[in-house]
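Chemist: Input: one structure, supplied below.
Bear in mind these aren't lab numbers, they're just calculated from the coordinates by the rules spelled out. Just so it is clear, the model here is predicted, and its values are computed rather than measured.
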Amino acid sequence: MSGEDALFAGRELVCVNRGTDPIEASLLAGLLHSEGIPATVTGADLVGGYSGVPKVCDVRLLVPARYRAAAADVLERYRHERPADEEWTCPACGEVNAATFESCWNCGHECAPGA
């Protein structure tokens, strides 16, 4: 039995996040771990089998039932603090960049605050 299996053995697990992206689910699990909340991801192994088929997989983030409220608070804070999904256009070269980029991928120009 692995360490993670032992951690969750005999505990009632509840789903606190459901999606199709195993990378985001793993990042969220890491965020919960950093807050002292045990978490595990299920369904991530199936994503490779559905390569190229969008939104088919059911990736879930699970926590022990007693951590449900604390996990919900952490995830809500994450959703409010993460950057918007809007792209921005570099004023120096005109290239369109993802909202998460702090500088232009093409020329390296810094994104203006609030851009």
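Chemist: What's the extension gain from Ser26 to Ala70 if we count 0.36 nm per residue and subtract their Cα-Cα distance? Display every interim value, and only then the final one.
Modeler: On the way: separation 44, 0.36 × 44 = 15.84 nm, distance 1.76 nm.
Working it through step by step, the gained length comes to 14.1 nm.
Chemist: Quick one: what are the phi-derived ³J(HN,Hα) couplings along the stretch 65-71, Karplus 6.51/-1.76/1.60 with θ = phi - 60°, whole Hz, x for glycine and proline?
Modeler: My calculation for the stretch 65-71 gives 3, 5, 9, 4, 5, 5, 5 Hz in order.
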